[in-house]
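Peer 1: Take this structure, written in structure tokens, and hold onto it; I'll ask about it next.
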Amino acid sequence: GNSVTQMEGPVTLSEEAFLTINCTYTATGYPSLFWYVQYPGEGLQLLLKATKADDKGSNKGFEATYRKETTSFHLEKGSVQVSDSAVYFCALIVETPTGANSKLTFGKGITLSVRP
Amino acid sequence: KAGVTQTPRYLIKTRGQQVTLSCSPISGHRSVSWYQQTPGQGLQFLFEYFSETQRNKGNFPGRFSGRQFSNSRSEMNVSTLELGDSALYLCASSLVLGAENTGELFFGEGSRLTVL
């Protein structure tokens, strides 16, 4: 089956610190990979995605590179802000020709707190 | 453009009762998915509907059911509620072209169900 493993949290950082959140996956088939973010009191939002090996997704200063050889999709940001405080979810989807396996598989999420 | 709207936002039920949750997707989105979010299990896929047909189903008991209407609005129903059904139920819509699902979901803020 498909699964996503995220590093244990929570994570607390000072503003302007470097952020890495690890994500590894197992998948039957060729997955597309995603990072979703959930800000306090809001629904999940897509942060970035990558659909094939070596693709780099980026948005709002966050980046993640699809590494097929290590089955990883680690999220990084060079300088975090207080407004980045949220819960971050790594996810994957594996398509079939009929779209029958169209569900997103999420990791458990990790809470990031950034202090001023 | 209006986002995904879920109603009700909060509800309290007692064991043995049943509940119906509603979701209005973004205009033009034909796929609606439902997820259960709990602190222990994280985000778990319930089912997905596309053009009024259930296209995929997660590993939940038959007490969990859903449907989609011709205007793409969706409802999910949980019968014979148990304490463990207490969770945030998230609805997500996506723009699907044919059988393809890009995995780019737009989530509502969720319906928080408490079972006493």
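Just so you know, all these numbers are worked out from the coordinates, no wet-lab data involved. Not measured: the values here are computed from a predicted model. Don't worry about glycine lacking a Cβ; one is built from the backbone with ideal geometry, like all the others, and counts go over all protein chains shown.
Peer 1: Can you check how the C-alpha radius of gyration of chain A compares to 2.2 N^0.38 Å, as a plain ratio? Write out the running numbers ahead of the final one.
Peer 2: Values: Rg = 14.0 Å, N = 116, 2.2 N^0.38 = 13.4 Å.
Against the empirical 2.2 N^0.38 Å value, I get 1.05 for chain A.
Peer 1: With a 10 Å cut-off between alpha carbons and a GNM built on chain A, which of A:F106, A:F89, A:F73 moves the most?
Peer 2: It is A:F106.
Peer 1: Next question. Can you figure out the FRET efficiency of B:N71 with A:S14, using R₀ = 41 Å and their beta-carbon distance, to the nearest 0.05?
Peer 2: On the way: r = 49 Å, r/R0 = 1.18.
Result of the calculation: an efficiency of 0.25.
Peer 1: So, one more: Given A:K103/B:K13; A:K49/A:K77; A:K77/A:K103; A:K68/A:K103; A:K108/B:K57; A:K108/B:K13, which pairs have Cα atoms separated by over 22 Å?
Peer 2: Numbers: A:K103/B:K13 28 Å; A:K49/A:K77 15 Å; A:K77/A:K103 28 Å; A:K68/A:K103 20 Å; A:K108/B:K57 20 Å; A:K108/B:K13 26 Å.
Going by Cα-Cα distance, A:K103/B:K13; A:K77/A:K103; A:K108/B:K13 fall outside the 22 Å limit.
Peer 1: Taking a quarter of the surface of the convex hull around the Cα atoms of segment B:1-55, what do you get in nm²?
Peer 2: Numbers: hull surface 20.8 nm².
Over every viewing direction, the Cα hull of segment B:1-55 projects on average to 5.2 nm².
Peer 1: If eta is 1.567 mPa s and T is 4 °C, what Stokes-Einstein diffusion coefficient results for chain B, Kirkwood Rh from Cα pairs, in µm²/s? Mind showing how you got there, number by number?
Peer 2: On the way: Rh = 14.1 Å.
For these conditions, the coefficient is 92 µm²/s.
Peer 1: I'd like the FRET efficiency for B:L11 and B:T53, computed as 1/(1 + (r/R0)^6) with the beta carbon distance as r and R0 of 30 Å, rounded to 0.05. Intermediate values should be presented prior to the final figure.
Peer 2: Working: r = 28 Å, r/R0 = 0.92.
After rounding to 0.05, the efficiency reads 0.65.
Peer 1: Check which residues have an amide H placed less than 5 Å from A:H74's amide H, if you skip close sequence neighbours.
Peer 2: A:C23, A:T65
Peer 1: Quick one: plug the Kirkwood hydrodynamic radius of the protein assembly as shown (C-alpha pairs) into Stokes-Einstein at 4 °C, 1.567 mPa s, and report D in µm²/s. Please list the in-between numbers first.
Peer 2: On the way: Rh = 18.2 Å.
In µm²/s, the coefficient rounds to 71.
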